Amino acid sequence: MTMKIIDRLRKQSLLMVALLATITMAKAQLSGGGEANPDLLTNMEVLKEFRENRFGMFIHWGPVALRGEEIGWSRSRQVPEEDYDNLYKEFNPILFNAAEWVQIAKQAGMKYIVLTTRHHDGFSLWDSEYSDYDMANTPYGKGVVKELADECKKQGLDFGIYYSILDWWHPDYPKTRTATYYERDSPEKIPMADRGNMVRYVQYMKNQLKELIELTDPSMIWFDGGWEWPWTHELGMDLYAYLRGLKDDMLINNRIDKALHGVRIKEISNPEDYAGDYQTPEQRIGEFNNDIPWETCMTIADQWAWKPNDKMKSKKECIQTLLQTVGGDGNLLFNVGPMLDGRIEQRQIDRLKEMGDWLKVNGEAVYGTRGGPYLPTDHLVSTHKDNKIYLHLFKREGANLSLPFAKGTKINKAYFLDGEIPVQIEQDKESVTISLPTGLPDDIASVLVLELNKPANDINIIKRVNY
Ligand code: FHN
């Protein structure tokens, strides 16, 4: 048996493994309310729109911008507790302009915005009836959450609420993190006096969340900080049911339940038992999954909150990160940290606009598409919609691009999306060979369209291309 045959068989078995993995992955489902609420399922209409949107803006902001340190985590670390908890008395973002923020997101090609209404530091960015540690008690004197939500509605973007489950400031939340104690990660490590009152604290959360839902009519709630021991699986499922009872046409991320934080979906044997409507890989691009909805959240710079001269991702990294994500059938929630005066930094605005300019030309290959049929690689990702497959080429590795292709499906036309420049193709029973020009139209990502004689999602080839 020649080496060539052995080699081909080895490749085929690899492909089979990939295919099998995909099938098993397809069985896993997120259900919505989790095992305690078996009939409370994800609102599929809102989910469909969420998936079609593909690209959103995450905003981490608060009085900590006065110190340029990380929101929440720098408390009682880089910023002494006393100082951190009194920053709000100096917080006066007079240049905050909701219309400008939404305009910046729009010109970036983003379809929704998620704002940190209350992060781990416990500060509320709106005028809350249930807390005095809020915007109403700053020199600025009023909230910013409703303003941003209303502006999103006005300019046609969806709005989401980020809300932290843990609160290192609130007297009723157990003192799990203080200046002297590192990570009090179990109750017995906490003196009785610091154990707080979780029953009262959960009611406080529910009151604030009801207030926020009535104030902003959000499309999604983005929970975080449920990894500490005071929060439980039961509390997560109970809160999910409570919130969907308040507003049904809304999505809630998986972090409402017990700390699927950073856990890869395939490591959880029974994801359907957990509450939540979509997965949230962080600071990494999620694995290909066209079954369980997911959204990668990532910073445009290093820190979530604003930091002077923070290291920012390049235009290439930003655009290719977005495409790697949508090629994996996920959404990208891309984070900016506004400055202490309320403005978003010009260089972040410029970088986002570069993404928007690319999407102006190639948006058809992103919005409303699904990932695949080819698994993403570091030179090529694919998306599809109706009878079109979009190949996003990051670089040219040779004069020809050969890809396995579904039997019985004919490619009627092939062309670069930008300017509809036709390309030569040769299709045989199980593959297609595409002749590439010496220079690709775009050195960051060139979209090549294959127009088929039938709907693209009828073909389910999911194969890794050794291109
Ligand atoms: O601790 C937070 C962090 O500050 C940031 O909010 C990210 C965003 O997803 N989530 C947590 C870290 O996992």
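Throughout, read-outs are computed from the coordinates displayed, never taken from laboratory work. The structure presented is a predicted model; accordingly, all values stated were derived computationally and were not measured. Note: ideal-geometry Cβ built from the backbone for every residue, glycine included; neighbour counts use all protein chains shown.
Excluding same-chain residues fewer than 8 positions from LYS429, which aspartates and glutamates have a Cα within less than 20 Å of its Cα?
GLU451, ASP458
Tell me, LEU47, LEU323, LEU243 in order of fewest to most beta-carbon neighbours within 10 Å?
Details: LEU47 18, LEU323 27, LEU243 21.
With the fewest neighbours first, LEU47, LEU323, LEU243 line up as LEU47, LEU243, LEU323.
Relative to the first principal axis of the alpha-carbon coordinates of the chain, what is the inclination of helix 346-362, with its axis defined by its Cα atoms, in degrees from 0 to 90 and to the nearest 10?
Roughly 30 degrees between the two axes.
Please report the equivalent ellipsoid semi-axes of segment 348-395, computed as sqrt(5 x eigenvalue) of the Cα gyration tensor, largest first, in whole Å.
Its equivalent ellipsoid spans semi-axes of 21, 14, 8 Å.
For helix 198-216, what angle does its Cα long axis make with the longest principal axis of the chain, in degrees from 0 to 90 and rounded to 10?
Rounded to the nearest ten degrees, it is 60.
Mind checking which lysines have their C-alpha under 16 Å from LYS111, skipping anything on the same chain fewer than 8 residues away?
LYS48, LYS153, LYS154, LYS353, LYS360
By its C-alpha gyration tensor, with a ≥ b ≥ c as the square roots of the eigenvalues, how is segment 367-467 shaped: rounded for a/c under 1.5, else prolate for a/b larger than b/c, else oblate?
On the way: a/c = 1.33, a/b = 1.27, b/c = 1.04.
It comes out rounded by the Cα gyration axes.
For LEU380, what residues show an amide H to amide H distance below 5 Å, using hydrogens built from the backbone and excluding near sequence neighbours?
Result for LEU380 returns PHE394.
May I ask you to evaluate 6.51 cos²θ - 1.76 cosθ + 1.60, the Karplus curve with θ = phi - 60°, for each residue of segment 46-55 and list the ³J(HN,Hα) values in order in whole Hz, giving x for glycine and proline?
My calculation for segment 46-55 gives 5, 5, 4, 5, 4, 5, 5, 5, 6, 9 Hz in order.
Calculate for the chain the 222 nm mean residue ellipticity that helices alone would give, adding -39,500 (n - 2.57) per DSSP H run of length 4 or more and normalising by residue count, nearest 500 deg cm²/dmol. Mind showing how you got there, number by number?
Working: 9 runs with 123 residues, N = 467.
That calculation yields -8500 deg cm²/dmol at 222 nm.
Return the sequence-ordered ³J(HN,Hα) values of segment 287-302 in whole Hz as given by the Karplus equation 6.51 cos²θ - 1.76 cosθ + 1.60 applied to θ = phi - 60°, using x for Gly and Pro.
5, 4, 7, 9, 10, 8, x, 8, 9, 7, 10, 8, 8, 6, 10, 8
Nearest 10 degrees, 0 to 90: what angle lies between the long axis of helix 315-327 and the longest principal axis of the chain (Cα atoms)?
It is inclined by approximately 80 degrees.
Each residue of segment 87-94 in order: what ³J(HN,Hα) in whole Hz does its phi give by Karplus 6.51 cos²θ - 1.76 cosθ + 1.60, θ = phi - 60°, with x for Gly and Pro?
Running phi through 6.51 cos²θ - 1.76 cosθ + 1.60 with θ = phi - 60° gives 4, 4, 6, 10, 7, 9, x, 5 Hz.
Can you list residues whose amide H is under 5 Å from VAL114's amide H, if they're 5+ apart or on another chain and H is modeled 1.01 Å from N?
MET57, PHE58, ILE59, GLY160
In terms of modelled amide H atoms, which long-range or inter-chain residues lie less than 5 Å from the amide H of PHE223?
Amide H neighbours of PHE223: TYR163, ASN253, ARG255, ILE256.
Do any of LYS146/LYS307; LYS247/LYS311; LYS206/LYS385; LYS89/LYS247 go past 32 Å between their Cα atoms, and which?
Long pairs (Cα-Cα over 32 Å): LYS247/LYS311; LYS206/LYS385; LYS89/LYS247.
If we count other beta carbons within 10 Å of each Cβ, what is the order of LYS247, LYS407, fewest first? Kindly include the intermediate steps, with their values, before the conclusion.
On the way: LYS247 17, LYS407 8.
Taking fewest neighbouring Cβ atoms as first place, the list is LYS407, LYS247.
Relative contact order (percent) for segment 337-467, with alpha-carbon contacts under 8 angstrom and 6 or more residues of separation?
Value for segment 337-467: 29 percent.
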